[in-house]
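Asks: Just passing along the structure, written as structure tokens.
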Amino acid sequence: MLRFAPAVVALALAPTVAPADPLRHIPKDASLVVVVEDPRQLAEAVRGLDAYKSAQSLPAVREFLDSTTARRVFQFVRYYERELGAKWPELLDKVAGGGVALGTKIGMDPAPVLLVVQGTDEAASAEFFKLAVAALEQETARRSAGGEAPAATVRRAVRNGVETVHLGDDLHAARVGAVLYVSNKEAALNAGLDLKPGDAVADRPGPKAARQLLGGDPLAWAWLDFAKVKEGKQVKDFFAATRKDLFQTLVFGSSADAFRRADFIAAGLHRTADGFTATLKLPAKRADLHADLALHAPPPDQPGSLPLLEPKGVIYSQSFYLDLGALWAKRKTLINEQQLKDIEKGEKQISKFIPGPSLGKLLEMSGPYHRIVAVQRSDRPYPVRPDQAIPPAALVSSMRDPRFGKSAASALRAGAMLASIQTGLKMSEETHDGVTITSYRFPEEKPFPGDTANLRFNFVPCFAVVGDFLVVSSSPALVKELIPELKKSPDPAKCSPAVWRAKTYAVGIAQAIRDNPEPVVTNAILSEGVGLDEAKKQVEALADWAATLGAVGLSIDHGTDAYEIKLEWKTKRN
């Protein structure tokens, strides 16, 4: 074993080689960084999408691909492939296989930007840089000779033994080994070239914490020094306003509270088995959420939102938690004095015309779970066809107290009665599956001021009480479809900890395009000068492409250890 001792000692004493990390070449005063750890993986993930492939057959995309700019890009790619002797995926590995990072400072105008491309093959990086500079010189010479833009020559310089290249005031580049630097400011380029060990943004705890919070193997990720952003006056004013403004509290009060508590923001793009997810996370714990903002987040032992409603032809579905009863109970601390006076005054005025409990009592009896759904229907509720078709939709809200349904129904009837004086609404009631549906139809023979496009003929306003839910809709047919689902207890497996979530369905959108082809047909005829038959073919092509998009969902979750906004794209048809 003694004969191996020298080798063992040599390995022990050899310096440790740090893994390739482009963040080690960006100064630590950067307040925003964007990182692509494996550019080839990202490029191939996008190229593999059915939507990407089928989009190339669309007229608008074909027109772009045939444009001068697109052709020039493709020419450059073929040029590099020919000169470097490899196809672009392999070249991407050699020139950028160690990762790509962009760093900038928030608050400066214009902000300095430093792009770092970490290669795995120094010779390939050197040749790529050489060819890129040569192409830049040729392009500037061509533009100058053709009079396309003011002459700007490429200037070369040397800084501490490193050759730098400059074009005007906005493009500066250099290469050190297998690392390429590109910046819009010469000072930012120099800062990257002069970087000393320990002075890189990679040495700060923020980016490391952001990467750990995101987890997994992201195609791309970003870190924002939000503590720095919050030093700005506009941001401070925004956070101050959200604590006393009714509208802002209703829309994003708890989200604003999470941002107020976070020192950084992490964002990541991940590939999943059936699509992609884009996630934004903040290190803001659920336990630290301000107690007054419980209107946006239920107790930990309750679901954040009920199952999405997905009837036939669904285009859009949303489910969220909003406890208006809690808002009313905390109104003196959540609403500014003037708005509170206006609300109380409005409550008194409304009570003169609409019987039943006060607004405050109604809010206390209402439930915290709400759902919205919109569907595509080819059938029309009136013989008169509106100029623009609007999909039927419904709002479904839970009830804490059964009396809320009766009181709300009485208030809706009273409101409709007042509206019918001017609009001529005709009320009718029908029973379906044991549920009474009250509907109001617009008279077809009576003109309606301000509605020259006949948009009112998209709607048959109606409402019903189904179990523990109040349903308000623009279509009695949609209410009937929802009744069986609402009569069942919500499936715990389909509930979610997310307090707000929504989903858009490509199949429903594709059907909506087919059922309402006029806008696409008109645009094709007027903008492209094609005939009616060709325009109809474009409608079908657009609908077919839309159907490949799958479904896109957005959610907000006050998680135990982090606040999260997630955009989820399931590329498989749904």
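The values are calculated or read from the model by the stated rules, or taken from the named source; none is laboratory data. Here the structure is a predicted model, which means the values were calculated and not measured. Neighbour counts are summed over all protein chains in view; Cβ atoms, including those assigned to glycine, are modelled from backbone coordinates with ideal geometry. Just so you know, the surface numbers come from the protein's heavy atoms only, side chains and all, with ligands and any DNA or RNA stripped out. Shrake-Rupley method; radii C 1.70, N 1.55, O 1.52, S 1.80 Å.
Asks: Per residue, what accessible area does the chain have, given a 1.4 Å probe and all protein chains present, in Å²?
Replies: On a per-residue basis, the chain sits at 53 Å².
Asks: Another one. For the stretch 55-78 and the stretch 95-166, what is the separation of their C-alpha centers, rounded to whole Å?
Replies: Cα centroid of the stretch 55-78 versus Cα centroid of the stretch 95-166: 24 Å apart.
Asks: May I ask you to evaluate 6.51 cos²θ - 1.76 cosθ + 1.60, the Karplus curve with θ = phi - 60°, for each residue of the stretch 489-496 and list the ³J(HN,Hα) values in order in whole Hz, giving x for glycine and proline?
Replies: For the stretch 489-496, the Karplus-derived couplings read 5, x, 5, x, 5, 9, 6, 9 Hz, x marking Gly and Pro.
Asks: Relative contact order for the chain using alpha-carbon pairs under 8 Å, separation at least 6, rounded to a whole percent?
Replies: After rounding, I find 13 percent.
Asks: How far is it, in nm, from the label point at Gln339 to the one at Thr431 when both lie 7 Å from their Cα along the line to the Cβ?
Replies: 4.5 nm
Asks: Rounded to the nearest 500, what is the 222 nm mean residue ellipticity of the chain from helices alone, with -39500 (n - 2.57) per DSSP H run of 4+ residues and division by all residues?
Replies: Helix contribution divided over all residues of the chain: -12500 deg cm²/dmol.
Asks: Quick one: if the Förster radius is 30 Å, what FRET efficiency do Ser527 and Phe448 give, using the C-beta to C-beta distance and rounding to 0.05?
Replies: Plugging the Cβ-Cβ distance into 1/(1 + (r/R0)^6) gives 0.40.
Asks: Just to be sure I understand the model, the point goes 7 Å from the Cα along the line to the Cβ. What's the resulting Val176 to Ala51 distance in nm?
Replies: 4.0 nm
Asks: What FRET efficiency comes out for Arg40 versus Arg400 if R0 is 41 angstrom and r is the Cβ-Cβ distance? Round to the nearest 0.05.
Replies: Efficiency at R0 = 41 Å is approximately 0.15.
Asks: Given Leu289, Ser254, Ile265, which one lies farthest toward the positive end of the charge dipole of the stretch 253-308, if we put +1 on the Cβ of every Lys and Arg and -1 on the Cβ of every Asp and Glu?
Replies: Positive-end residue among those listed: Ile265.
Asks: Still on this structure: What is the helix-to-structure angle for 68-84, meaning the angle in degrees between its Cα long axis and the longest Cα principal axis of the chain, kept from 0 to 90 and rounded to the nearest 10?
Replies: Once rounded, one gets 40 degrees.
Asks: Right, here's the next one. Would you mind telling me the share, in percent, of accessible area of the chain contributed by carbon and sulfur at probe 1.4 angstrom?
Replies: C and S atoms contribute 59 percent here.
Asks: Taking H as built 1.01 Å from N, whose amide H comes closer than 5 Å to the amide H of Gly275, not counting residues under 5 places away?
Replies: Thr571
Asks: Can I ask one more? Using a Cα-Cα cut-off of under 20 Å, which lysines could be cross-linked to Lys341, ignoring same-chain neighbours fewer than 8 residues away?
Replies: Cα-Cα hits under 20 Å: Lys244, Lys330, Lys332, Lys352, Lys361.
Asks: If I stretch the segment between Gln388 and Lys312 completely, what's the gain in nm (0.36 nm per residue apart, minus their alpha carbon distance), one decimal?
Replies: 25.2 nm
Asks: Full extension from Glu122 to Ala157: what is 0.36 nm times the residue separation minus their Cα-Cα distance, to one decimal in nm?
Replies: Extending this stretch completely gives an extra 10.5 nm.
Asks: Which of these values of semi-axes √(5λ) of the Cα gyration tensor in Å was calculated from the structure shown: (i) 35, 33, 24; (ii) 54, 33, 23; (iii) 39, 26, 25?
Replies: It is the value labelled (ii).
Asks: Please give the Cα centre distance for the stretch 424-438 versus the stretch 528-547, rounded to the nearest Å.
Replies: Cα centroid to Cα centroid, the span is 41 Å.
Asks: In terms of modelled amide H atoms, which long-range or inter-chain residues lie less than 5 Å from the amide H of Val113?
Replies: The list, which skips near neighbours in sequence, is Asn184, Lys185.
Asks: Further question: Please return the longest stretch of the chain lacking exposed loop sites, where GluC sites (Glu not before Pro) count only if DSSP places them in a loop and at most 12 other Cβ atoms lie within 10 Å.
Replies: 232-443
Asks: Taking the Cα-to-Cβ direction at Gln422 and at Asp544 and moving 7 Å from each Cα, how far apart do the two end points lie in nm?
Replies: 4.9 nm
Asks: Taking a threshold of 19 Å on the Cα-Cα distance, which of the pairs Lys28/Lys196; Lys494/Lys566; Lys28/Lys208; Lys503/Lys536 fall above it?
Replies: Cα-Cα > 19 Å for Lys503/Lys536; rest within.
Asks: Continuing with the same structure: Take the alpha carbon atoms of the stretch 455-475, find their center, do the same for the stretch 326-345, and report the distance between the two centers in whole angstrom.
Replies: 29 Å
Asks: Moving to a separate point now. Under 12 Å from the Cβ of Gly325, count the other residues' Cβ atoms, weight Lys and Arg +1, Asp and Glu -1, and hand me the total.
Replies: Local net charge: +1.
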